Amino acid sequence: MEFRFAPEDEAFRAEVRAFIRREIGDNPVDRVEGWQAHRRFIKKLAERGWLTLAWPQEVGGAGASHMRQLVFNEEMADWEAPANDLGVDRVGPTIMLHGTAEQKERFLPSIVAGDAVWCQGFSEPGAGSDLASLQTRAVADGDSFIVNGSKIWTSLAHYAQWMILLARTDGDAPKHRGISFFLLDMKSPRITIQPLVDMVGRHTFNQVFFDDVRVPRDCLVGEENRGWYVATTTLDFERSGIQRVIGGQRACDRLIACAREQIAAGAVRQAYAAMRHRLADFVIDYHVGRMLAYRVAWLQSQGIVPNYEASVSKMFGSELAQRLARAGMQLLALSGQLTPASPYAPLAGKFETQYLTSAALTVAAGTSEINRGIIATRGLGLPRA
């Protein structure tokens, strides 16, 4: 693995930083938030050709290298810029690998333009970690499939125009072999979206219900009953990326700066000295996490599919974020429990929010248990039982 970026990639990094400073300012904490601001920023990235930076030119991308894409992702995460887009990260690459020529022509241009909003219909109330046990059904009916069931924890379903949907199309087949992968128009009749508000008061998640929803057969991706293997491609893309690590490193830096300020202001040194080595360990851990993410991108640049390596990076980053959130709450003591709405909250209440939301990090994109299983079987070659 090469531990240096090419000069042209570092020049691109400087260009991205300058763009972010112009658009959201030097302090990401004070950036303009909200869905409309998010979409405006996405459109600006699309206009510059950065939204689909590493996509092949023949489908509208910029054809940049994986390492150039890594530099872009790293800067966006470091500045907390709202650049995450499911259509770009997961849907588009999955369609490129498994979709028909007609599906590529139909769905990819709107993602490239920054116009399409997608959501992911995988998890169900009874099928999360064991995703292959899902029970939403799609029954063939002429040129369509009729879908019944529900999906849960569906991020941004209330904004989405389209959903990538897993549904069981053969109830008698072994559970991994009777699933199909669909592209579902969220404007279809008989779809009900129920908001799920999380413990910090945000409406990101939803439960989505399907009552005889008709999906055209030309929205089936890959072979019927072979959708599990399409979905694993999507999940590999979801687990890749440096964003988890960089976002946590920014929080770690803030926590260290806060400790220094408290000591300078006359706080009890012993209380903070006890955290000194722990904070130093976090700095080292975040350097390790960055290298793990670099490794994933480097493998991709060599034409290697980073299957278990993506799981290593994802699991390490999400568990590290949880450890940091706990350490932050301990260091900030009772004041760390103040919400962002309080003018007395240290670090603008960031760690209160991070602590409450960090529990989900080792569930989303595959639980740590699932990722450990992938590392054991595909990485270490251990038997399944």
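The values are calculated or read from the model by the stated rules, or taken from the named source; none is laboratory data. This is a predicted model, so every value here is computed, not measured. Glycine gets a Cβ as well: all are built from the backbone with ideal geometry, and neighbour counts include every protein chain shown.
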For Val288, indicate whether it is modelled with pLDDT of 90 or more and surrounded by fewer than 19 Cβ atoms within 10 Å (Cβ to Cβ).
yes
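Matching residues to (1) in contact (Cβ under 8 Å) with a residue 24 or more places away in the chain; (2) of a type in the set (A, V, I, L, M); (3) under 24 Å from Ile374 (Cβ atoms):
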{"residue": "Ala257", "(1), (2), (3)": "no, yes, no"}
{"residue": "Ala265", "(1), (2), (3)": "no, yes, no"}
{"residue": "Arg278", "(1), (2), (3)": "yes, no, no"}
{"residue": "Tyr294", "(1), (2), (3)": "yes, no, yes"}
{"residue": "Pro306", "(1), (2), (3)": "yes, no, yes"}
{"residue": "Ala310", "(1), (2), (3)": "yes, yes, yes"}
{"residue": "Glu319", "(1), (2), (3)": "yes, no, yes"}
{"residue": "Ala327", "(1), (2), (3)": "yes, yes, no"}
{"residue": "Pro340", "(1), (2), (3)": "no, no, no"}
Every residue from the range 1-20 that is modelled with pLDDT under 90 and loosely packed, with under 15 Cβ neighbours inside 10 Å
Met1, Glu2, Phe3, Arg4, Ala6
For the structure I just gave you, tell me whether Asp253 is free of Cβ contacts under 8 Å to residues at least 24 places away in the same chain and charged (D, E, K, R).
yes
Looking only at residues in the range 181-228 that are β-branched (Val, Ile, Thr) and more than 18 Å from Phe107 (Cα to Cα), which one is surrounded by the most Cβ atoms within 10 Å (Cβ to Cβ)?
Val208
Residue selected from the range 61-119 under the condition in contact with a strand residue (DSSP E or B) (Cβ under 6 Å, 6 or more places away or on another chain) and outside any helix (DSSP H, G or I), by the criterion surrounded by the fewest Cβ atoms within 10 Å (Cβ to Cβ):
Gly99
State whether the residues of the range 86-97 include one that is over 18 Å from Pro56 (Cβ atoms), within 14 Å of the chain's Cα centre (by Cα) and in contact (Cβ under 8 Å) with a residue 12 or more places away in the chain.
yes
Determine, yes or no, whether Arg244 is surrounded by 19 or more Cβ atoms within 10 Å (Cβ to Cβ), among the charged types (D, E, K, R), at pLDDT below 80 and under 14 Å from Arg323 (Cβ atoms).
yes
Is it the case that the range 69-83 has a residue that's modelled with pLDDT of 95 or more and of a type in the set (Val, Ile, Thr)?
no
Boolean, Leu134 is surrounded by 19 or more Cβ atoms within 10 Å (Cβ to Cβ) and either within 20 Å of the chain's Cα centre (by Cα) or charged (D, E, K, R) (or both)
no
Filter the range 111-147 down to the residues that are touching a Phe, Trp or Tyr at 6+ places or on another chain (Cβ under 9 Å) and hydroxyl-bearing (Ser, Thr, Tyr) and list them by number.
Ser123, Thr136
Between a residue in the range 55-68 that is among the charged types (D, E, K, R) and any residue that is modelled with pLDDT of 95 or more, which pairs come within a Cβ distance under 7 Å, given they are 6 or more apart or on different chains?
Arg68/Phe12
